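J.: Supplied in structure tokens, the structure appears directly below.
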Amino acid sequence: MYTKAEISSLQTLTKSFIEHPKTIELNPLRKLLKFHEYQYYVLAQPLISDYEYDTLYQQLVKLETASPHLIVSDSPTQRVGNSLNNSFETVAHLVPMLSLENSYNAEDLNDFDRKAREGALLEEITYCVEPKFDGASISLVYENDLLIRACTRGDGVAGEDITQNIKQIRSIPLSIPLSDYGIQQMEIRGEVIMSKQSFANFNEKLKANQMAVLANPRNAAAGSLRMKDPKEVAERNLDAFIYHISYFTLTQGASTPQILKTHSGSLELLWNMGFRSPQKEKKLISNIQGVIDFCTQFEMERDTLPYEIDGLVIKINDFDLQEKLGMTSHHPRWAIAYKFKARQATTILENVEFQVGRTGAVTPVAKLKAVAIGGVTVSSISMHNEEYIREKDLRLGDTVIIERAGDVIPQIVQSIPSLRNGSEAIIHFPTTCPICDYTLEKEETEAVWRCNNPVCSAQIVERMIHFVSKDAMDIKSFGDANIRKFYEMELLKNIPQIYNLNFEIIGKLEGFGKKSVDNLKTAIEASKTQPLYRLIYALGIRFVGETTAKTIAANIHHILDLENLSEEQLQSFEDVGVKVAKSIHQYFHDAKNIALIKELASLGLNMIQTNTTAVDGNLSGLNFLFTGTLTQLKRSEAEAMVEGRGGHIVSGVSSKLNYLVVGEDAGSKLEKAKKIASIKIISESDFVELIN
């Protein structure tokens, strides 16, 4: 939308206005704010901080307040409404919003292609394939370059006027350059969505205010459009993809632009006008088998996107061909939706089991009537804690809606009270440990009930499972099943016994041949030389994750140095706060824990921070933090690259942070970093260039 020269000029103007606000003029300032809204909300590549944007915005408010007769409808100040919408007027679409025919497999797509080729009298047809966004459909009308109306899909013929609410979505421009293309009026279609990160952030705010969380991003987006207060809509940080031009009229004497001869061209036009269209996500494919292959592959990769989609839309690319094929009263003959496997399903909550973790936390686990969702059969789901059960009003025997999104563990969205028949039972949380019958306790600041019995067998087993895990001591061939099996056989009663196993007995067990035993011996022996931070993490100290364990190790010589450090001294370590320092201090002032560490030392485990000198590299002495989804590298790989070049990974944003590396769909860390001038905010591509 902007050339390099325009971007450079606008950046210079930005700097000038911020440094010398008295030089600001009204129209250039409006143009500048629109440019920065486009960079932030459409491209997700902000060029100024929130503070700097707010400074410019307040200057515009000041100028327009002084000269209200100069306010125009597409000014950035006209997004936020000053009054509530008590009702939404019903308005007719210029062209009906028809539904799409659905397909679920290759057979359906082949049938669609056959009918299209027969109708078009062609051997092959070129298709444009794009994501089917899982949000709320909208229709926008622009006239003489200005947004004049926005409405919901409604019944397809007419929808509700939600213009003021749509203005809160900053990826939807208030004006577009229609006149540059000889167009007077245009009706376009799109989908309002809430990104995964925005959804998570908004639910966190709801939780903090002790309000019910939203079920999923789709419901959150759809519900937002009909909110009475536009200011509340603005708080939800909605986004919109615009993917279809349904109607346009030309100015007198103008002819249809060449770019509007194909659907892919229309997406490019929408992108050039400043919309977030699926211009980058679309794919042109010359035959239906290619479409089928693309759909299969894309479904496997859908979870890499920062927003939810529930399928793909396949459209004939040529507009003349679309017009020739026409439509039925229900759907167009030139498009079809390929639906992915269901991400939600209903099932029965049959039972609840209460499991005890390594820190004594008691977690209720729902046992469900098995149901397939997203290609996986689900029969168990964590219900987190007692408050979760109460908030969702879950009962034994309830019909519940469950959801699975990507690699996220399935969750219960809600129960369906209207389907209760009276046989459902209240779920009673236990007052004693389900394993050792020890009285459960809960701290005032926590929602979790705990068993504080240090010899509870469930905790012992879970602590050993954590100790041998990949990110801890990384003892390969020693998974959960073997830990539990050896414990039940009394071959393994505590962590030190991992290094004193009776391999003669193990070698006689089913599934343990000589090679398996030798591999286990080798892995156990190798773990003795693991770096100190892995041992600190493996001990399972509450609130101490892998990054914090690295920080601790870097500040000591021997692990028992932690016996002699006060909470205040621990807090002087990078990113170690009050809660973490208290937990570490308590752990190293418990005689049983010190005895465990000394016993492990006697068994030959490394207790010393051997790498006390910083690695010499091009990132030496610099602090890094990653946020959002990386697309070129795994997070662990990127962090290892930093540390291998002398840099340091921190766990939070502060003035000590040098670089924040921003991936897709970055959240609150990015917003916080923008407010600290010394932090350099770079993209993943910038990071790759930097380390090389």
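J.: Being out of contact with any Pro (no Cβ under 9 Å at 6 or more places or on another chain), buried (at least 16 other Cβ atoms within 10 Å of the Cβ) and modelled with pLDDT under 95 narrows it down to one residue among PHE298, PHE294, PHE340; which is it? Spell out the reasoning first.
T.: On the way: PHE298 fails: out of contact with any Pro (no Cβ under 9 Å at 6 or more places or on another chain); PHE294 fails: modelled with pLDDT under 95.
It is PHE340.
J.: Related question: Which residues, taken from the range 538-569, are without any contact (Cβ under 8 Å) to a residue 24 or more places away in the chain, surrounded by fewer than 14 Cβ atoms within 10 Å (Cβ to Cβ) and not in a loop (DSSP other than H, G, I, E, B)? Break it down into steps so the answer makes sense when it comes.
T.: To start, the set of residues in the range 538-569 that are without any contact (Cβ under 8 Å) to a residue 24 or more places away in the chain comprises 549, 555, 561, 564-569.
Then drop every residue that is not surrounded by fewer than 14 Cβ atoms within 10 Å (Cβ to Cβ), which leaves 564, 566, 568.
Those that are without any contact (Cβ under 8 Å) to a residue 24 or more places away in the chain, surrounded by fewer than 14 Cβ atoms within 10 Å (Cβ to Cβ) and not in a loop (DSSP other than H, G, I, E, B): ASN564, GLU568.
J.: Can you tell me which of (1) out of contact with any helix residue (DSSP H, G or I) (no Cβ under 9 Å at 6 or more places or on another chain); (2) more than 28 Å from MET607 (Cβ to Cβ); (3) not in a helix (DSSP H, G or I) is the one ILE505 doesn't meet?
T.: (3)
J.: For the range 221-242, enumerate the residues that are under 17 Å from TYR142 (Cα atoms) and in contact with a Leu (Cβ under 7 Å, 6 or more places away or on another chain).
T.: Of the residues in the range 221-242, the ones under 17 Å from TYR142 (Cα atoms) are 240-242.
ILE242, the sole residue that qualifies.
J.: Check every one of the helices (runs of 4 or more DSSP H) wholly within the range 582-692 and list those with 2 or more residues that are basic (Lys, Arg) and surrounded by 13 or more Cβ atoms within 10 Å (Cβ to Cβ).
T.: Values: elements: 591-602, 635-644, 668-674, 684-691.
By residue number, 668-674.
J.: Looking only at residues in the range 598-657 that are within 30 Å of TYR499 (Cα to Cα) and of a type in the set (S, T, N, Q), which one is nearest to the chain's Cα centre (by Cα)?
T.: The residue in question is SER636.
J.: With the requirement that a residue be over 18 Å from GLY274 (Cβ atoms) and part of a helix (DSSP H, G or I), what does the range 18-27 give you?
T.: Taking the range 18-27 as the starting set, the residues that turn out to be over 18 Å from GLY274 (Cβ atoms) are 18-26.
Answer for the range 18-27, where residues must be over 18 Å from GLY274 (Cβ atoms) and part of a helix (DSSP H, G or I): ILE18, GLU19, PRO21, LYS22, THR23, LEU26.
J.: Report every pair of residues separated by at least 6 positions or lying on different chains whose Cβ atoms are under 9 Å apart, first residue within the range 276-296 and over 16 Å from GLU124 (Cβ atoms) and without any contact (Cβ under 8 Å) to a residue 24 or more places away in the chain, second assigned to a helix (DSSP H, G or I) and among the polar types (S, T, N, Q).
T.: If the second residue must be assigned to a helix (DSSP H, G or I) and among the polar types (S, T, N, Q), the pairs left are GLN279/SER264; GLN279/ASN272.
J.: Restricting attention to the range 276-290, does a residue exist that is in contact with a Pro (Cβ under 8 Å, 6 or more places away or on another chain), among the charged types (D, E, K, R) and more than 30 Å from PRO417 (Cα to Cα)?
T.: Filtering the range 276-290 down to residues in contact with a Pro (Cβ under 8 Å, 6 or more places away or on another chain) leaves 278, 281.
Remaining after also requiring among the charged types (D, E, K, R): 281.
Keeping just the survivors that are more than 30 Å from PRO417 (Cα to Cα) gives 281.
Yes, the range 276-290 contains at least one residue that is in contact with a Pro (Cβ under 8 Å, 6 or more places away or on another chain), among the charged types (D, E, K, R) and more than 30 Å from PRO417 (Cα to Cα).
J.: Please go through the range 469-498 and give me each residue that is aliphatic (A, V, I, L, M) and either in contact (Cβ under 8 Å) with a residue 60 or more places away in the chain or touching an Asp or Glu at 6+ places or on another chain (Cβ under 6 Å) (or both), ordered by number. I'd like the intermediate steps shown before the answer.
T.: Taking the range 469-498 and keeping what is aliphatic (A, V, I, L, M), we get 472-473, 475, 481, 483, 489, 491-492, 495, 498.
Across the range 469-498, the qualifying residues are ALA472, MET473, ILE495.
J.: Could you please find all residues in the range 353-365 being in a strand (DSSP E or B), crowded, with 17+ Cβ neighbours inside 10 Å and touching a helix residue (DSSP H, G or I) at 6+ places or on another chain (Cβ under 8 Å)?
T.: VAL356, PRO364
J.: Provide a single number: the residues in the range 271-298 that are within 27 Å of the chain's Cα centre (by Cα) and under 26 Å from THR3 (Cα atoms).
T.: Initially, the range 271-298 is screened for residues within 27 Å of the chain's Cα centre (by Cα), giving 271, 274-283, 293-298.
If we keep only those that are under 26 Å from THR3 (Cα atoms) too, we end up with 271, 274-283.
Number satisfying all stated conditions: 11.
J.: When you scan the range 366-447 for strands (runs of 3 or more DSSP E) that lie fully inside it, which ones turn up with 2 or more residues that are without any contact (Cβ under 8 Å) to a residue 40 or more places away in the chain and buried (at least 17 other Cβ atoms within 10 Å of the Cβ)?
T.: On the way: elements: 376-382, 399-403, 411-415.
Hits in the range 366-447: 376-382.
J.: Something else now. Residues GLY190, GLY159: which one is touching a residue at least 24 places away in the same chain (Cβ under 8 Å), over 23 Å from GLN279 (Cα atoms) and either crowded, with 18+ Cβ neighbours inside 10 Å or not hydrophobic (A, V, I, L, M, F, W, C) (or both)?
T.: Values: GLY190 fails: over 23 Å from GLN279 (Cα atoms).
Among GLY190, GLY159, only GLY159 is touching a residue at least 24 places away in the same chain (Cβ under 8 Å), over 23 Å from GLN279 (Cα atoms) and either crowded, with 18+ Cβ neighbours inside 10 Å or not hydrophobic (A, V, I, L, M, F, W, C) (or both).
J.: Report, by residue number, each residue of the range 200-253 that is in contact (Cβ under 8 Å) with a residue 40 or more places away in the chain, small (Gly, Ala, Ser) and in a helix (DSSP H, G or I).
T.: Matches in the range 200-253: ALA200, ALA221, ALA222, SER224, ALA234.
J.: Take the residues in the range 463-487 that are out of contact with any helix residue (DSSP H, G or I) (no Cβ under 9 Å at 6 or more places or on another chain) and not in a loop (DSSP other than H, G, I, E, B); name whichever of them is surrounded by the fewest Cβ atoms within 10 Å (Cβ to Cβ). Full working, then the answer.
T.: Narrowing the range 463-487 to residues out of contact with any helix residue (DSSP H, G or I) (no Cβ under 9 Å at 6 or more places or on another chain): 470, 481, 485.
Filter once more, keeping what is not in a loop (DSSP other than H, G, I, E, B): 481, 485.
Working: ALA481: 10, LYS485: 14.
Once the filter is applied, the top-ranked residue is ALA481.
J.: Pull out all pairs, ordered by first then second residue, where Cβ-Cβ is under 9 Å, the residues are six or more apart or on different chains, the first lies in the range 637-650 and is without any contact (Cβ under 8 Å) to a residue 12 or more places away in the chain, and the second is in a loop (DSSP other than H, G, I, E, B) and of a type in the set (A, V, I, L, M).
T.: Partner pairs satisfying both residue conditions: GLU637/LEU630.
J.: How many residues does the range 550-564 hold that are at pLDDT below 95 and either more than 19 Å from MET607 (Cα to Cα) or of a type in the set (A, V, I, L, M) (or both)?
T.: Residues flagged as at pLDDT below 95 and either more than 19 Å from MET607 (Cα to Cα) or of a type in the set (A, V, I, L, M) (or both) within the range 550-564 amount to 4.
J.: Right, another one. Within the range 163-183, is there a residue that is in contact (Cβ under 8 Å) with a residue 24 or more places away in the chain, β-branched (Val, Ile, Thr), within 22 Å of LYS34 (Cβ to Cβ) and outside any loop (DSSP other than H, G, I, E, B)? Write out each step before concluding.
T.: Taking the range 163-183 as the starting set, the residues that turn out to be in contact (Cβ under 8 Å) with a residue 24 or more places away in the chain are 164-179, 181-183.
Narrowing the set further to residues that are β-branched (Val, Ile, Thr) leaves 166, 169, 172, 176, 183.
Then drop every residue that is not within 22 Å of LYS34 (Cβ to Cβ), which leaves 166, 169, 172, 176, 183.
Keeping just the survivors that are outside any loop (DSSP other than H, G, I, E, B) gives 166, 183.
Yes.
J.: Of the conditions (1) surrounded by fewer than 19 Cβ atoms within 10 Å (Cβ to Cβ); (2) at pLDDT 95 or above; (3) of a type outside the set (D, E, K, R), SER266 satisfies every one except a single condition; which number is it?
T.: Checking SER266 against (1) surrounded by fewer than 19 Cβ atoms within 10 Å (Cβ to Cβ); (2) at pLDDT 95 or above; (3) of a type outside the set (D, E, K, R), the one that fails is (1).
The values are calculated or read from the model by the stated rules, or taken from the named source; none is laboratory data. This structure is a prediction, so every number in the text was calculated from the model and none was measured. Neighbour counts are summed over all protein chains in view; Cβ atoms, including those assigned to glycine, are modelled from backbone coordinates with ideal geometry.
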